[in-house]
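Enquirer: This is the structure I have questions about; it appears just below.
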Amino acid sequence: MTQNDTPLEIAGKQYHSRLLVGTGKYKDMEQTRLALEASGAEIVTVAVRRSNIGQNPDEPNLLDIITPDKYTILPNTAGCYTADDAVRTCKLARELLDGHDLVKLEVLADEKNLFPDVRQTLKAAEVLVKDGFKVMVYTSDDLLIAKELEQIGCVSVMPLAAPIGSGLGVRNPYNIRFIIEELKCPVLVDAGVGTASDSAVAMELGCDGVLMNTAIAAAKNPVLMASAMKKAIEAGREAYLAGRMPRKRYASASSPVDGTFF
Amino acid sequence: MDMIQITLNGENTEVAAGLTAAQLVEQMGLVGKRIAMEVNQEIVPRSTFPEHSFSVGDSIEIVHAVGGG
């Protein structure tokens, strides 16, 4: 953790890493494990899918590698297009993880851009919070929706930087900034970062953390990118805490103007 | 043996009448795996697998964790 910083607190638990990572799209379990380790992440997302009949019994289970004693497992509702499906997925995840009730809610609206359906997201969030879930919610960068999700009782609001898996970076820093300023709960950028500098930009805006998957998994060297992301998150956080210099239109000499001998 | 029709992970299938959730998990080779089950969109807690038997037309989903963001 960065010096002079306080830990990130989500649903009453403190974390020293502000980088949250997904486990999708890796070449194999070993690469997943190494990338996770290099990222230093403490919160790790997983998806919930059907167990196939006749599945290879020797195939390692993801939860044997990402063990709940080492990581906080954050099951997601990826692939859900309705509030009902998202709620069902969360209930199955809670059963799968022995009552662990921290979930990442995402309800999608469109296959092409994977933008969230905020109406269904709000509906699902209400049901889940009432049922005792601690909801970290993926949403658009719309301040009013973000506020409403916080009022419902979500433990973290996670606006997108850009479409999921696009790697386009923070497309609308001003909207992200509004959300950070207005909400009391942790605001994480979820989705859209492509490389280390994108993560640093998100953190410099004052985000409490960044959640990413493809930026690491789809890098040529995912383990090295995981390490780069870890440093970028820390660098961005330190820069935010340090407070950047004001932007000026003209130059300002760094060396003394007086005392020249020429 | 009496057989009943159920839907298992989206596939229509026949199982023995009176089959329990525990027996189904065994038949699927999933014993000891971290899985969760719902029947007709209601969670069946793992602790109740030995007693839970299926009825005609049940829709069963068995899931596990996979890589995802």
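The values are calculated or read from the model by the stated rules, or taken from the named source; none is laboratory data. Just so it is clear, the structure is predicted and the values come from calculations on it, not from any experiment. So basically every Cβ, Gly included, is an ideal-geometry build from the backbone, and we count neighbours across all protein chains shown.
Enquirer: Would you point out which residue out of A:52, A:4 is farther than 30 Å from residue A:238 by Cα, modelled with pLDDT under 95 and among the polar types (S, T, N, Q)?
Expert: Numbers: A:4 fails: farther than 30 Å from residue A:238 by Cα.
So the residue among A:52, A:4 that is farther than 30 Å from residue A:238 by Cα, modelled with pLDDT under 95 and among the polar types (S, T, N, Q) is A:52.
Enquirer: Next question. Any residue in the range B:1-18 that's farther than 19 Å from residue A:50 by Cα: show its pairings with residues that are in a strand (DSSP E or B) and among the charged types (D, E, K, R) at Cβ separation under 8 Å, as long as the two are six or more apart or on different chains.
Expert: Close Cβ pairs (under 8 Å, with a partner that is in a strand (DSSP E or B) and among the charged types (D, E, K, R)) amount to B:3/B:14; B:4/B:14; B:5/B:14.
Enquirer: Give the residues of the range B:14-69 that are farther than 14 Å from residue A:97 by Cα, more than 7 Å from every other protein chain (Cβ to nearest Cβ) and of a type in the set (S, T, N, Q), sorted by residue number.
Expert: Once the filter is applied, which keeps residues that are farther than 14 Å from residue A:97 by Cα, more than 7 Å from every other protein chain (Cβ to nearest Cβ) and of a type in the set (S, T, N, Q), the range B:14-69 yields B:20, B:23, B:27, B:40, B:48, B:53, B:55, B:59.
Enquirer: Could I ask something else about it? Six or more apart or on different chains, Cβ atoms under 7 Å: show the pairs whose first residue is in the range A:58-79 and over 19 Å from residue A:11 (Cα atoms) and whose second is assigned to a loop (DSSP other than H, G, I, E, B).
Expert: Final answer for the pair search is A:61/B:33; A:61/B:34; A:62/A:23; A:63/B:34; A:66/A:23; A:78/A:106; A:78/B:68; A:78/B:69.
Enquirer: Restricting to the range B:29-66, and then to whatever is touching a Phe, Trp or Tyr at 6+ places or on another chain (Cβ under 9 Å) and among the β-branched types (Val, Ile, Thr), can you tell me which residue is surrounded by the fewest Cβ atoms within 10 Å (Cβ to Cβ)?
Expert: As a first pass, look at the range B:29-66 and keep what is touching a Phe, Trp or Tyr at 6+ places or on another chain (Cβ under 9 Å): B:37, B:39, B:60.
Now drop any that are not among the β-branched types (Val, Ile, Thr), which leaves B:39, B:60.
Details: B:39: 17, B:60: 20.
Among those that are touching a Phe, Trp or Tyr at 6+ places or on another chain (Cβ under 9 Å) and among the β-branched types (Val, Ile, Thr), it is B:39.
Enquirer: Continuing with the same structure: Could you please find all residues in the range B:19-66 being out of contact with any strand residue (DSSP E or B) (no Cβ under 7 Å at 6 or more places or on another chain), of a type in the set (Gly, Ala, Ser) and either touching a residue at least 12 places away in the same chain (Cβ under 8 Å) or in a strand (DSSP E or B) (or both)?
Expert: B:22, B:55
Enquirer: Mind checking which pairs have a first residue in the range A:227-254 that is over 20 Å from residue A:20 (Cα atoms) and a second that is assigned to a helix (DSSP H, G or I), Cβ under 6 Å, 6 or more apart or different chains?
Expert: Partner pairs satisfying both residue conditions: none exist.
Table: residues versus (1) touching a Leu at 6+ places or on another chain (Cβ under 6 Å); (2) assigned to a loop (DSSP other than H, G, I, E, B); (3) away from chain B (no Cβ under 14 Å); (4) surrounded by fewer than 24 Cβ atoms within 10 Å (Cβ to Cβ).
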| residue | (1), (2), (3), (4) |
| --- | --- |
| A:70 | no, yes, yes, yes |
| A:80 | no, yes, no, yes |
| A:91 | no, no, no, yes |
| A:95 | no, no, no, yes |
| A:103 | no, no, no, no |
| A:114 | yes, yes, no, yes |
| A:120 | no, no, yes, yes |
| A:126 | no, no, yes, yes |
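Enquirer: Output the residues belonging to the range B:1-13 that are within 14 Å of another protein chain (Cβ to nearest Cβ) and assigned to a loop (DSSP other than H, G, I, E, B).
Expert: First, the residues of the range B:1-13 that are within 14 Å of another protein chain (Cβ to nearest Cβ): B:6-13.
Hits for the range B:1-13 are B:9, B:10.
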